[in-house]
Amino acid sequence: MALSQSNPNLDTITAIITPQGPGAVAILRISGEQAIAALHTLTPAKPIPPARYMAKRTLYTATGDPIDEACVVVFQCPASFTGEDVVELHIHASQVVIQKLRTTVYQMGIREAKPGEFTKRAFLNGKLDLTQAEGIGELIAAESDWAHLSAINHVQGRLNQWIETIRNELTRLLEVVNGHLDFPDEIPPLDSESTIQKIKSLRNTLARAVQTQDHGERIQRSIRCLIVGQPNVGKSSLFNALLGHNRAIVTRLPGTTRDYITATTQLGGYQFEWTDSAGIRHTRNQIEAAGIRKIKPLMIATDLIIWVQDQTKPTTAADTQLMKTLKRTQKPVWRLINKSDLKTRRIRPSGFPKSWPVLPLSTRSPNGLDALNHQLTQTFQPPKQSDLALVCNARQRACLNQLLACLSHLHTTLTHTMDDMDLLAFDLKTAIHHCSEMTGDAITETVLDGIFSRFCVGK
């Protein structure tokens, strides 16, 4: 019998928690009050195994037909991931087996879990704070070493511990203010000088954390690098050399690359997203021209522009025009001078912005990418281990910025006067509320739904 649908957080839910597709094993998780009863129904001839012990069981449909020989595990409330009774069924990853098992479970009134609903229940049941729950999503999505380490820090609660330290300091100040407001004759007011120094210290701590967020964005997503240049200067050859295999077609014919191609590589713990674009020139070919028109929007979205030039070719009016276009983007530009292993040098040595690094490049030499790789590792330095815990997603960054603005306002107010204790109490409560939004102690159901909807089904 199904539970009441009035509160979806009380429903018993189920989902396959392993990747889709052929494989040796698939795992179906059931979480909620009916989880253990569902296992009774699926294995009517056998007792429920002890909690956390894996046992072999034959699973049956409602009509008594065998579904599969499975390994089952029971996690009793509250000692489970969700904080509810949980059953996990390890079955053979046959689509027929999976479908029969899911159909049988649905017939018991158990519904399919929504994306991220298992993790949401873990949060609602106090198994995780919100930063830890978000860390699980980040860990699943991590595509680089630094993204992985940052996510692990969040899952282990280090971001939560850091914000809790700030909240506790603010709470202690608020307790004294409220005590003085309620019992002015018995509890003295806050000491002006020490309070100002405390707020200043907390503000500076937050300011340093906010400054690390630009670094954090590089960790949580790829560093986007756009390769541009005239036709036949070696853009696609560079793209292939970076990947270590021939991803882009390379010929002597101008206009071979007509649309942009994107691929990723790992370097120094970061993920780099490389985009090979069409050679920039005037052309009557409509397809090639369409590819060239796509380059300007790519310039806006990229983090770094790699301008490839052939040192055996003279600088042309088209190069000058491209240089003007690149200047207008206000993006970092690196000039890679291809065929640097040859003696012929016809490219103009001057007239380019001095702030644009000039790097030798030889796509045919074993060490031809050394200068580029060195410049990349020098520019995108490894983060400090202490900063990895403070890397925030967009929601968390918004909370940090609000908290920093609140403490900056509070510090400015305190340096002028501490006479208005009611106003001081209000400002401290506002700052504490921003801390609580960060950890999920003060957040709406709508915001929660938005956060967990970005998770995969089964998590």
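Numbers for the structure displayed
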| item | result |
| --- | --- |
| DSSP bridge pairs, the chain: antiparallel proportion in percent, nearest 5 | 60 |
| Nitroxide proxy distance, nm - points 7 Å out along Cα→Cβ at Glu175 and Leu139 | 3.3 |
| Cβ-placed point charges (K, R +1; D, E -1), dipole of the range 13-129 about Cα centre in debye, nearest 20 | 60 |
| Local electrostatic count, Tyr270, Cβ distance below 12 Å [Lys/Arg +1, Asp/Glu -1] | -2 |
| Using a Förster distance of 22 Å, the FRET efficiency for Thr63-Glu112 (Cβ separation, nearest 0.05) | 0.50 |
| Radius 15 Å from Cβ of Leu342, net charge of other residues (Lys, Arg +1; Asp, Glu -1) | +4 |
| Distance from the range 34-94 to the range 159-213 (C-alpha centre basis), Å | 50 |
| Nitroxide proxy distance, nm - points 7 Å out along Cα→Cβ at Met54 and Ala317 | 7.3 |
| Extension gain from Gln211 to Gln330, taking 0.36 nm per residue of separation minus the Cα-Cα distance | 40.8 nm |
| Size of electric dipole in the chain: Cβ of Lys, Arg +1 and of Asp, Glu -1, about Cα centre, debye, nearest 20 | 3500 |
| Cβ-based charge dipole, the chain, positive-most Cα from Ala38, Thr316, Gly83 | Thr316 |
| Label assignment, Cα Rg over 2.2 N^0.38 Å derived from the structure, set (1) 0.91; (2) 1.31; (3) 1.04 | (2) |
| Set of the range 190-232 residues, backbone N closer than 13 Å to the point 7 Å along the Cα-Cβ line of Asn401 | 210-211, 213-214 |
| Set of lysines near Lys429 by C-alpha distance (under 24 Å), chain-local residues within fewer than 8 positions excluded | Lys198, Lys200 |
| 4 °C / 1.567 mPa s Stokes-Einstein diffusion coefficient of the range 13-129, Kirkwood radius on C-alpha pairs, µm²/s | 91 |
| Span-like helix ranges in the chain, DSSP H, alpha carbon extent 30 angstrom or more, Kyte mean at least -1.0 | 158-182, 394-416 |
| Cα-projected label distance for Thr415 with Ala24, points at 7 Å along beta-carbon direction, nm | 6.4 |
| Efficiency of FRET between Gln381 and Lys46 - r from beta-carbon atoms, R0 56 angstrom, step 0.05 | 0.45 |
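None of the figures in this text is laboratory data; all of them are computed from the coordinates on show. The model shown is predicted, which means the values in this text are computed figures rather than measured ones. Methodologically, a virtual Cβ is constructed for each residue, glycine included, from the backbone with ideal geometry; neighbour enumeration extends over all protein chains shown.
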